[in-house]
Amino acid sequence: MTASFTGQSVLVTGAGSGIGRATARLFAAEGARVLAVDVHDDGLAETAKDHAAITTLRGDAGSEADVAGMIATAVERHGGLNILCANAGVSGGMAGLFDQTADDWEALLRVNLVGPFLAIKHGAKAMLDAGLAGSIICTASVAGLRAGAGGMAYSASKAGVINLVQTAAQQLTGTGIRVNAVCPGLIETGMTQMLYDQARAKGREKMIGQLNPLGRGGDPIEIARAIAFLASDDASYVNGHALVVDAGLSSSHPFAKPRQLGETTF
């Protein structure tokens, strides 16, 4: 990545931990002025630690009033909004089809899908009002591509995010505002921490990520770098796209992996 974000105004939701924290800190390290937002206060101080360019704000990414407020705050503090990362999300657990309620789905979709919609709606308006050709990046997931990587409601919400960035990019035709998504694979965050902790407790840490060709899980900074690329001028011709960052996990249908290089298993 050759781009610099010096002087640019960046807003990151879900910035209290994981991918959001790594993203906020990366943009700040690259010269941006960052507003880091999370629904919980705990974690934001750590995100901003040692980064004077990061200011924090508590806000609910699924509340229209809060989203409008956080964007107005970014504009007020930093003189505009160049980059918006709609990263906030919840997992919703792995409950089965017959164990979920409509309330469960509504609560998850409010954050995971309505939240990115609100971010695009209010973020794009702020960019247009200021005459800025900005970049909006939403965090989707490989779970939104096909079954097997998350719970039902979570997977459906992330599939919605992928379609949302496509339709939003079309809606914003002629504005210069780009809307894209990043689709992480297995990344060590608060959402996956239980899986990592259980594997380590059983001495099976090396099995984490065994289904992808690189044979490992990912780090939040690897997703943050992909987000920064989509936000940069290096991606100036990338729009309405869902960038998969999963070590190759989604590149294949399920199959029995060979035990040794060159061995074929049917």
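The values are calculated or read from the model by the stated rules, or taken from the named source; none is laboratory data. None of the values given here were measured: they were computed from a predicted structure. All Cβ positions, glycine included, derive from the backbone under ideal geometry; neighbour counts span all protein chains shown.
Return yes or no: is Gly123 more than 18 Å from Leu243 (Cβ to Cβ), surrounded by 22 or more Cβ atoms within 10 Å (Cβ to Cβ), over 12 Å from the mean Cα position of the chain (by Cα) and modelled with pLDDT of 95 or more? Judged against the criteria, Gly123 is a match. Taken over the range 60-69, the residue count meeting the criterion of being within 10 Å of Asp38 (Cα to Cα) and surrounded by 22 or more Cβ atoms within 10 Å (Cβ to Cβ) is 1.
Before we move on, is Gly144 within 13 Å of the chain's Cα centre (by Cα), touching a residue at least 24 places away in the same chain (Cβ under 8 Å) and farther than 21 Å from Gly16 by Cβ? Can you show your working first?
On the way: within 13 Å of the chain's Cα centre (by Cα): yes; touching a residue at least 24 places away in the same chain (Cβ under 8 Å): yes; farther than 21 Å from Gly16 by Cβ: yes.
Yes: the conditions hold for Gly144.
The rows are residues; the columns are (1) in contact with a helix residue (DSSP H, G or I) (Cβ under 8 Å, 6 or more places away or on another chain); (2) farther than 22 Å from Asn163 by Cα; (3) aliphatic (A, V, I, L, M); (4) surrounded by 15 or more Cβ atoms within 10 Å (Cβ to Cβ).
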| site | (1), (2), (3), (4) |
| --- | --- |
| Leu97 | yes, yes, yes, no |
| Gln100 | yes, yes, no, yes |
| Asp103 | no, yes, no, no |
| Leu108 | yes, no, yes, yes |
| Gly115 | yes, no, no, yes |
| Leu118 | yes, no, yes, yes |
| Met127 | no, no, yes, yes |
| Thr139 | yes, no, no, yes |
| Arg146 | yes, no, no, no |
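For the range 25-61, the set of residues classified as under 15 Å from His78 (Cα atoms), among the small types (Gly, Ala, Ser) and within 19 Å of the chain's Cα centre (by Cα) consists of Ala28, Ala32, Ala36, listed by residue number.
Within the range 139-192, no residue satisfies the criterion of being in contact with a Cys (Cβ under 8 Å, 6 or more places away or on another chain), assigned to a helix (DSSP H, G or I) and among the hydroxyl-bearing types (Ser, Thr, Tyr).
When residues in the range 10-21 are screened for being surrounded by 24 or more Cβ atoms within 10 Å (Cβ to Cβ) and either in a helix (DSSP H, G or I) or hydroxyl-bearing (Ser, Thr, Tyr) (or both), 5 of them pass.
Among the residues of the range 207-250, those identified as among the polar types (S, T, N, Q) and either modelled with pLDDT under 90 or in contact with a Lys or Arg (Cβ under 9 Å, 6 or more places away or on another chain) (or both) are Gln210, Asn212, Ser236, Asn239, Ser250.
Does the range 68-83 contain at least one residue that is at positive phi and either among the β-branched types (Val, Ile, Thr) or out of contact with any helix residue (DSSP H, G or I) (no Cβ under 8 Å at 6 or more places or on another chain) (or both)? Lay out the reasoning, then the answer.
Residues of the range 68-83 at positive phi: 79-80.
Remaining after also requiring either among the β-branched types (Val, Ile, Thr) or out of contact with any helix residue (DSSP H, G or I) (no Cβ under 8 Å at 6 or more places or on another chain) (or both): 79.
Yes, there is a match, as at least one residue in the range 68-83 is at positive phi and either among the β-branched types (Val, Ile, Thr) or out of contact with any helix residue (DSSP H, G or I) (no Cβ under 8 Å at 6 or more places or on another chain) (or both).
Regarding Gly31, is this residue more than 27 Å from Gly150 (Cβ to Cβ), in contact with a Phe, Trp or Tyr (Cβ under 7 Å, 6 or more places away or on another chain) and without any contact (Cβ under 8 Å) to a residue 60 or more places away in the chain? Against the criterion (more than 27 Å from Gly150 (Cβ to Cβ), in contact with a Phe, Trp or Tyr (Cβ under 7 Å, 6 or more places away or on another chain) and without any contact (Cβ under 8 Å) to a residue 60 or more places away in the chain), Gly31 qualifies. Restricted to the range 22-68, and to residues there that are among the β-branched types (Val, Ile, Thr) and part of a helix (DSSP H, G or I), the residue that is farthest from Val111 (Cα to Cα) is Thr47.
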